[in-house]
Amino acid sequence: MSTGNGLRIGIFVFDGAEELDVVGPYEVLKFWADHSELHPEVLTFSSDGGGVVCAKGLRLVPDTSAGGLGPLHVLVYPGGHGTRLLMRQPEHLAWVHEMRASTPLLASVCTGALVYAAAGLLSGRPATTHWAAFDELLELEPDVLADTESRFVDDGDLVTSAGVSAGIDMALHLVARLESVDVARDVRRGIQYDPQPPV
């Protein structure tokens, strides 16, 4: 169901999606949705609406299917080993192109960028991915402007993030873009995200 303001965010889930690539952005965006005056709608979806098994065995039941999704303002595409199959499926890449044409902002986490590259969306554009996947990224799209240092790269209608936990940083950035920096800081405090690695 639409919230009426048109601000709808869909997180694509699939077999082999990396768990934190999905639930990290979901936590940030849903916390924001539950406390924002904009009341964005945040939902998960799979290709057919069925449940998926993530990379480490977590089972997820999405809200809807790609066919029942309706228009989005933001698409979040996670990474994980499942991307390697999806990036070789012409029908899936055609769907990615359809989403590109109808969705103002596409975002990826980790190796989700590989699927965008396979679909031809990263040619001549700055992007990032998991540190161990840059060779694959460049094989898929030699013209990508690979950023190996940034946690996320905002190129206007396309935002890519580095591996796994970097998706949380990217999602906070999306909140700042879509509402305000102050609200994003409130979300960060709310989920007590203040990284100080213990090792």
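Filter the stretch 90-108 down to the residues that are of a type in the set (Gly, Ala, Ser) and assigned to a helix (DSSP H, G or I), then identify the one that is nearest to Ala127 (Cα to Cα).
The selected residue is Ala101.
Give the residues of the stretch 147-199 that are surrounded by 17 or more Cβ atoms within 10 Å (Cβ to Cβ), farther than 20 Å from Val23 by Cα and free of Cβ contacts under 8 Å to residues at least 24 places away in the same chain, sorted by residue number.
Within the stretch 147-199, Asp147, Asp154 qualify.
Residue check, His81 against (1) touching a residue at least 40 places away in the same chain (Cβ under 8 Å); (2) within 19 Å of Ala127 (Cβ to Cβ); (3) of a type outside the set (D, E, K, R), all met but one. Which one?
Just one mismatch for His81, condition (2).
Residues of the stretch 67-87 being more than 15 Å from the chain's Cα centre (by Cα) and within 19 Å of Tyr26 (Cα to Cα), which ones?
Leu69, Gly70, Pro71, listed by residue number.
Where a number appears in this text, it was derived from the coordinates with a stated rule and is not lab data. Only a predicted model underlies this, so the values are computations on that prediction, with no experimental measurement involved. With ideal geometry, Cβ positions are generated from the backbone for all residues, glycine too; neighbour counts draw on all protein chains shown.
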